[in-house]
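Asker: First, the structure itself, so that you have it in front of you.
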Amino acid sequence: MNITYLLIGLLVLIGLYLLWLYNSLVRVKTRVQEAWSHIDVQLKRRIDLIPNLLETVKGYAKHEKGVFENVTKARAAMLGAKTVKESEEADNMLAGALKTLFAVAENYPDLKASGNFKELQDELTDTENKIAYARQFYNGNVRDFNIMIKSFPNVLIASALGFAAAEFFEAEKGEREKPEVKF
Amino acid sequence: MNLYTQIAQNRRRSFFLFFFTFLVIILLGYVFGAYQGDSFVGAGLAFVFSLAYAGTAYFFSDRIVLAISGAKPIEKKDNPYLFRIVENLCIGAGLPLPKIYVVEEAALNAFATGRDPQHSVVAVTRGLLENLEDEELEGVIAHELSHIRNFDIRVMTLAAVLAGSLVMIADIFLRSMRYSRGSRGRGRVSGVLFLIGLALAILAPIFAQLLKLAISRQREFLADSSGALLTRYPEGLARALEKMGADKTSLQHVSEATAHLYIKSPLSAGFRTSLFSTHPPIEERIKRLRAA
């Protein structure tokens with residue numbers, strides 16, 4: 001008799017815990033997804049800026065084919081990226097390719113003086129900064145989510161409920177600083 | 001403690017603050033009413049009055065504050081530099097973009113208002129824009145955004161309003177006692193009730209004020225530290241505070257009622273002791289930022 005009540009009580013407690021855990025996980029995971037959408041918006045904005053930038057630069061520096069190809073390739077990789085990991089790699093590739101592009105632009109005084117080029121460069125710098133901040137917010141949310149999933153006793157159940165740890169969006173070393181583009 | 005716990009805690013805090021102050025107000029109204037003849041009318045009146053006051057403050061305080069400060073809204077094209085800083089930090093904090101206002105004054109100061117992140121406003125003075133470096137301005141904006149994100153403005157508005165209505169009701173109570181000696185109500189109230197009422201009328205407003213000020217000071221420290229966490233550069237805000245501390249220009253459009261909203265107390269320190277001040281001493285804030 002007493003044992004039965006005890007068991008029922010225990011089951012109810014476990015049920016409540018599962019309910020609470022599931023709802024918390026859903027809430028925190030939604031935050032992670034929302035934070036990712038902030039990064040995504042900025043990545044898309046950068047993708048949209050690049051064709052314009054390439055056109056402008058090509059007008060002044062036709063012979064730098066290798067540089068253009070790298071940027072185009074990185075942009076294509078960015079467009080095709082499906083997972084956080086792929087986006088991260090494409091983003092780092094793109095950042096590197098753009099850095100080279102701006103370094104090459106140094107050799108073309110007419111290009112540097114072009115108002116259009118300056119404007120695009122400003123926009124890109126702004127986007128880079130925004131990506132950095134969006135990444136900070138995203139990674140903070142991922143950290144909270146992963147701590148929740150991996151701490152005991154949640155770790156025993158989270159995966160059974162269909163929750164897997166989220167991936168961090170990492171910057172390449174040194175990319176966190178503002179992109180240095182001087183004229 | 002993570003950010004969301006912080007926010008949840010603040011929401012709870014504003015609820016309890018609201019609840020208990022209301023209780024005291026109603027109690028005061030009850031005793032007051034008993035003194036005048038009908039305790040329930042008194043309680044009812046006190047309730048309706050403070051509810052109306054709190055409601056007005058909740059929905060209109062931002063407009064009132066902006067009107068008092070003389071702040072004017074700006075567009076992105078007016079100051080893309082300031083806009084970008086706010087945009088970036090908002091992305092970092094996961095906040096919607098607030099409306100941005102500029103106060104055309106030389107004093108170095110800034111404030112935030114609005115009942116929730118969707119209705120928020122950040123205002124900075126012209127002097128601040130002209131005198132701060134990039135990372136210093138970022139520090140200040142991050143401090144203001146932290147107030148918004150933590151729902152500090154709501155807590156502070158409620159605290160100020162409830163403390164204010166307590167003062168008013170207590171004032172009415174004390175005055176009416178002075179002028180109604182020997183009136184019809186006097187005989188009906190027991191001495192104990194009368195003493196409770198008197199004690200409440202005198203003590204409650206003082207406690208409410210002290211509570212409000214203590215909360216305000218604690219919120220400033222918290223906004224400093226969460227702002228520093230947002231920019232990942234505490235030194236920026238520390239230097240900005242240093243400049244603000246050295247700045248002796250005073251704000252023209254400010255009142256006692258809006259003082260607690262600013263990043264640096266806009267009222268002259270004068271003879272105020274730390275217990276009665278809306279802000280912790282600037283040196284202490286800088287020290288804590290640099291110790292981090």
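Asker: Among the listed residues B:ASN109, B:ASN131, which satisfies the condition of being touching a residue at least 60 places away in the same chain (Cβ under 8 Å) and within 25 Å of B:LEU158 (Cβ to Cβ)?
Answerer: The unique qualifying residue is B:ASN109.
Per-residue answers, yes or no, for (1) of a type in the set (Asp, Glu); (2) within 14 Å of chain B (Cβ to nearest Cβ); (3) closer than 18 Å to A:ARG135 by Cα:
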residue	(1), (2), (3)
A:LEU21	no, no, no
A:GLN33	no, yes, yes
A:ASP48	yes, no, no
A:THR56	no, no, no
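For (1) charged (D, E, K, R); (2) at pLDDT below 85, each residue gets a yes or a no:
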site	(1), (2)
B:GLY94	no, no
B:ARG149	yes, no
B:MET156	no, yes
B:ALA159	no, yes
B:GLY164	no, yes
B:VAL167	no, yes
B:ALA170	no, yes
B:ARG178	yes, yes
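Asker: Do we have B:ILE74 as within 20 Å of the chain's Cα centre (by Cα) and surrounded by fewer than 22 Cβ atoms within 10 Å (Cβ to Cβ) here?
Answerer: no
Asker: Just one of B:SER216, B:SER226 is assigned to a helix (DSSP H, G or I), within 14 Å of chain A (Cβ to nearest Cβ) and among the polar types (S, T, N, Q); which is it?
Answerer: B:SER226
Asker: Please specify each residue of the range B:97-122 satisfying the condition of being of a type in the set (A, V, I, L, M, F, W, C) and either closer than 22 Å to B:MET244 by Cα or buried (at least 22 other Cβ atoms within 10 Å of the Cβ) (or both).
Answerer: B:ILE100, B:VAL102, B:VAL103, B:ALA106, B:ALA107, B:LEU108, B:ALA110, B:PHE111, B:ALA112, B:VAL121, B:VAL122
Asker: Shifting gears a bit: Given the structure, is A:ASP122 within 14 Å of chain B (Cβ to nearest Cβ), acidic (Asp, Glu) and under 27 Å from B:PHE83 (Cα atoms)?
Answerer: So A:ASP122 passes the test.
Asker: Mind checking which residues of the range B:77-96 are within 12 Å of chain A (Cβ to nearest Cβ) and surrounded by fewer than 16 Cβ atoms within 10 Å (Cβ to Cβ)?
Answerer: Selection gives B:PRO80, B:TYR81, B:PRO96.
Asker: Also, I was wondering about something else. Within the range A:69-121, how many residues are among the β-branched types (Val, Ile, Thr), touching a residue at least 40 places away in the same chain (Cβ under 8 Å) and within 16 Å of A:LEU54 (Cα to Cα)?
Answerer: The total comes to 1.
Asker: Going by what's in this entry, would A:ASN23 be described as assigned to a helix (DSSP H, G or I) and touching a residue at least 60 places away in the same chain (Cβ under 8 Å)?
Answerer: Here the answer is no, as A:ASN23 does not meet what is asked.
Asker: Looking at (1) closer than 21 Å to A:VAL32 by Cα; (2) within 14 Å of chain B (Cβ to nearest Cβ); (3) surrounded by fewer than 20 Cβ atoms within 10 Å (Cβ to Cβ), which one does A:GLN136 not meet, given that it meets all the others?
Answerer: The one condition A:GLN136 does not meet is (3).
The values are calculated or read from the model by the stated rules, or taken from the named source; none is laboratory data. For clarity, every value in this text was computed on a predicted model and none was experimentally measured. Ideal geometry is used to build each Cβ from the backbone, glycine not excepted, and the neighbour counts take in all protein chains shown.
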